[in-house]
Structure formats: structure tokens, C-alpha cells
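Each reported figure results from applying straightforward, stated rules to the coordinates on display, with no laboratory input. Quick caveat: nothing in here was measured; it's all calculated off a predicted structure. Here the Cβ positions follow ideal geometry from the backbone for every residue, glycine too, while neighbour counts run over all protein chains shown.
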Amino acid sequence: MISTRFTELFGIEHPIVQGGMQNVGVAELVSAVADAGALGFLTALTQPSPEALTREIARTRGMTDRPFGVNLTILPTLKPIPYAEYAQATVESGIKIVETAGNNPQRFLPGFKAAGIKVIHKCTSVRHAVKAETIGCDAISIDGFECAGHPGEDDIPGLVLIPCAADRVGIPLIASGGFGDARGLVAALALGADGMNMGTRFMATREAPIHENVKQQLVAATERDTALIFRSLRNTARVFSNAVSDEVRSIEAAGNATIDDIKHLVSGERGKQALETGDTDAGIWSAGMVAGLIHDVPTCRELVDRIMREAAAIIDARLAGMRPAPAGIR
Ligand code: NAD
């Protein structure tokens with residue numbers, strides 16, 4: 001058992017979070033994460049409508065009695081998104097934990113707070129973490145440059161970003177980006193965080209609702225197999241390096257690219273096809289550098305149990321063994 005401010009505040013067994021992942025965070029994965037004693041998030045925008053989100057929340061409740069939350073990511077999209085309606089569906093479903101990401105969540109906080117919802121804001125810079133605490137968020141998930149999806153534009157890796165955030169933020173802090181095993185968890189705690197977030201690692205689990213080919217690509221991948229796209233649009237995204245990301249990068253490198261020049265390549269619809277059909281070159285799909293640390297496809301429970309067991313061994317044996325015994329006890 002590792003008890004932290006985060007596990008206590010959110011009523012979970014282990015200091016491990018499965019953050020929002022577009023087209024991955026659905027009932028099968030989130031309920032398996034919850035049953036393993038970690039905190040899973042349904043990704044609101046993976047559902048085609050707020051009504052579908054309401055149904056997915058109910059479906060997840062039918063699969064687990066443990067706490068889980070809803071992720072609401074606010075970033076540029078090809079089609080307008082009715083964010084307020086997704087937030088309302090979340091509130092009306094009685095959800096008590098929300099992860100916001102991508103943009104300032106201030107406009108949603110009064111509604112969430114009135115409903116007794118605890119909000120974890122995921123962000124990629126210390127200044128945004130400080131701001132989130134100021135406006136009333138309950139916890140921060142700080143996302144280093146290693147992460148899948150959107151790392152922001154500052155390019156600060158976790159080894160620096162996490163302790164910088166821990167120095168400035170008073171509410172519980174979750175370390176995100178590059179985490180996939182017990183070494184990461186112990187490092188996160190040592191850096192001042194109260195737990196860790198894993199995304200890509202949870203994609204390579206039996207319960208993740210994506211094609212086996214994608215999971216095997218993650219197992220085969222090294223830490224060098226991701227690519228950054230959308231840099232020129234200041235909406236940087238880290239994705240699995242494939243034929244489509246190569247094409248997007250070459251269009252961006254030619255200069256003056258707009259979203260209209262690449263939207264036929266990058267649409268979420270194509271990325272969804274890749275994850276569903278196993279044709280991993282069908283579109284872009286998010287993956288983090290942690291792919292280099294993924295070597296198997298366990299169940300969520302096997303993964304979480306292994307991490308907690310190995311973390312205890314690192315703390316109790318490896319780290320404790322580095323301290324010389326006090327004089328007189330030898
Ligand atoms: P989409 O099909 O609308 O867009 C595909 C990609 O293009 C997204 O990454 C989006 O941010 C980007 N994009 C769209 N319009 C843009 C613009 N005008 N300028 C710059 N970039 C633009 O999105 P989707 O794949 O259906 O995803 C829905 C939401 O989930 C988006 O907000 C997306 O960013 C987010 N998302 C998050 C993650 C993550 O890891 N957290 C991963 C994938 C998608």
C-alpha cells in the first residue's frame with residue numbers, strides 16, 4: 001500500500017491514474033482500471049454526443065462499484081464541440097471526479113463545484129498549474145514533454161517540470177508523461193508528486209478497446225518511435241510515428257501549412273479507424289515516449305499489482321539498502 005494525499009482525497013487504493021485518451025477511455029478500460037484500485041477516466045469527447053456520454057457513464061457503473069471520473073479536453077477541433085452540454089451531462093449523471101485538460105477550465109468550475117465534483121486539471125506548465133489552483137481546482141496532473149497527445153509548447157521534460165510544479169503548487173499533484181512502471185511511480189513520488197498518470201501504458205492492456213496490432217506495435221516500439229506534429233500550428237501533438245505522421249511533418253516542414261492543408265490526414269475519425277481496425281497507418285494515433293518501456297500486454301489488474309509490488313521492493317530493498325546501517329547496529 002502506498003497512501004498519498006491523492007489516494008486519500010479521491011478515495012482510491014493506489015496512486016495511479018488512467019487519464020483521458022481519445023477513442024480509448026471507454027467503459028471496458030475505465031471499469032478495469034477502477035477494479036484494479038486505480039482511478040480511470042472516461043473520455044467525454046470519445047462519445048458522439050452528451051446523451052451518449054450519459055449512457056457510457058451508466059454502462060461503466062454497471063461494470064464497477066469503484067470510483068471513476070470523466071475527462072473533458074478543450075483543444076482546437078475540426079468540428080465545434082458543445083462542451084457545456086458534455087459538462088452538464090457529467091454533472092447530471094452524478095459523477096464526482098472530473099479531469100479537465102487543454103485549456104482553462106474556469107467556466108465549468110461553478111457547475112462542477114455546486115455538484116460536489118472534485119476537479120483535476122491536467123496541464124503542461126507550472127504557470128497553468130498555479131492558475132488552476134488559484135481558480136479552485138482540487139488537484140493538478142502535470143504533463144511532461146514525454147507525454148502522448150498534447151505536451152504544450154514549452155518542451156520541459158518531467159524530470160524538471162514535476163519538481164518545479166511541486167515547489168509551486170499546494171494541492172495534490174499527479175505526475176504525467178513518460179510513466180509506465182514502478183520505477184516511474186517511485187520517481188514521481190521522489191520528485192514531489194502524489195501519484196502518477198499513465199496513458200499509453202494502459203493502451204497496451206488486455207481490456208483497452210483497441211486492436212491487438214496497435215498493442216503489439218507499442219510492445220515492439222522503442223522510446224524513439226513517436227513524432228511531434230502540429231508544431232507549426234502551436235497545437236503540438238505527440239503521436240506514434242507512422243506513414244501519416246511523416247506526411248504531416250513534411251507538409252509542415254515546407255512552411256506556412258494551415259489546418260486545411262492537413263486535416264484530411266489528421267482527423268480523429270481516421271485515427272479511430274487505425275485503433276479499431278489495426279491498420280496502424282490509417283491515421284494518426286497518440287502515443288508517448290514510454291512506448292520504449294512497454295514489453296507486454298497484461299490485464300489492468302496485473303499491471304497495477306505489478307507496479308505496486310515492484311514499487312514497494314524499490315523503496316524497501318533498493319533505496320533502503322543504499323542507506324548505511326546506523327553505527328552500532330552492524
Ligand atoms: P479532430 O478530429 O477535431 O482533430 C484532429 C486533431 O487536429 C486534434 O489533435 C486537434 O487538436 C487538431 N486540430 C483540429 N483543428 C485544429 C486547428 N484549427 N488548429 C490546430 N489543430 C487542430 O479531433 P479528435 O481527434 O476527434 O479529438 C477530439 C479532442 O480530443 C480534441 O480536442 C483533441 O485535441 C483531443 N485529443 C486529445 C488527446 C490526448 O492525448 N489528450 C489525443 C487525441 C485527441
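Residues in segment 63-83 that are out of contact with any strand residue (DSSP E or B) (no Cβ under 9 Å at 6 or more places or on another chain) and within 15 Å of the ligand (Cβ to nearest atom): PRO76, THR77, LEU78, LYS79, PRO80, ILE81, PRO82. When residues of segment 25-48 are filtered for being away from the ligand (no atom under 13 Å from the Cβ), over 12 Å from PRO67 (Cα atoms) and either touching a strand residue (DSSP E or B) at 6+ places or on another chain (Cβ under 6 Å) or among the β-branched types (Val, Ile, Thr) (or both), how many remain? Going through segment 25-48 one residue at a time, the tally reaches 1. For segment 133-166, taking the residues that are within 16 Å of the ligand (Cβ to nearest atom) and more than 23 Å from ASP225 (Cα to Cα), the one that is farthest from the chain's Cα centre (by Cα) is identified as ILE140. The number of residues in segment 2-24 being more than 16 Å from the ligand (Cβ to nearest atom) and in contact (Cβ under 8 Å) with a residue 24 or more places away in the chain comes to 13.
Say whether the condition of being touching a strand residue (DSSP E or B) at 6+ places or on another chain (Cβ under 6 Å) and either in a loop (DSSP other than H, G, I, E, B) or within 11 Å of the ligand (Cβ to nearest atom) (or both) is met by at least one residue in segment 264-282. It would help to see each step written out before you state the result.
To start, the set of residues in segment 264-282 that are touching a strand residue (DSSP E or B) at 6+ places or on another chain (Cβ under 6 Å) comprises none.
No, segment 264-282 contains no residue that is touching a strand residue (DSSP E or B) at 6+ places or on another chain (Cβ under 6 Å) and either in a loop (DSSP other than H, G, I, E, B) or within 11 Å of the ligand (Cβ to nearest atom) (or both).
Inside segment 225-260, residues that are surrounded by 12 or more Cβ atoms within 10 Å (Cβ to Cβ), within 13 Å of the ligand (Cβ to nearest atom) and assigned to a loop (DSSP other than H, G, I, E, B) make up a count of 7. All conditions in (1) of a type outside the set (Lys, Arg); (2) outside any helix (DSSP H, G or I); (3) in contact with a strand residue (DSSP E or B) (Cβ under 8 Å, 6 or more places away or on another chain) hold for THR60, with the sole exception of (2).
Scanning segment 49-62 for residues that are more than 15 Å from the ligand (Cβ to nearest atom) and either of a type outside the set (Ser, Thr, Tyr) or loosely packed, with under 15 Cβ neighbours inside 10 Å (or both) gives GLU51, ARG55, GLU56, ILE57, ALA58, ARG59, ARG61, GLY62.
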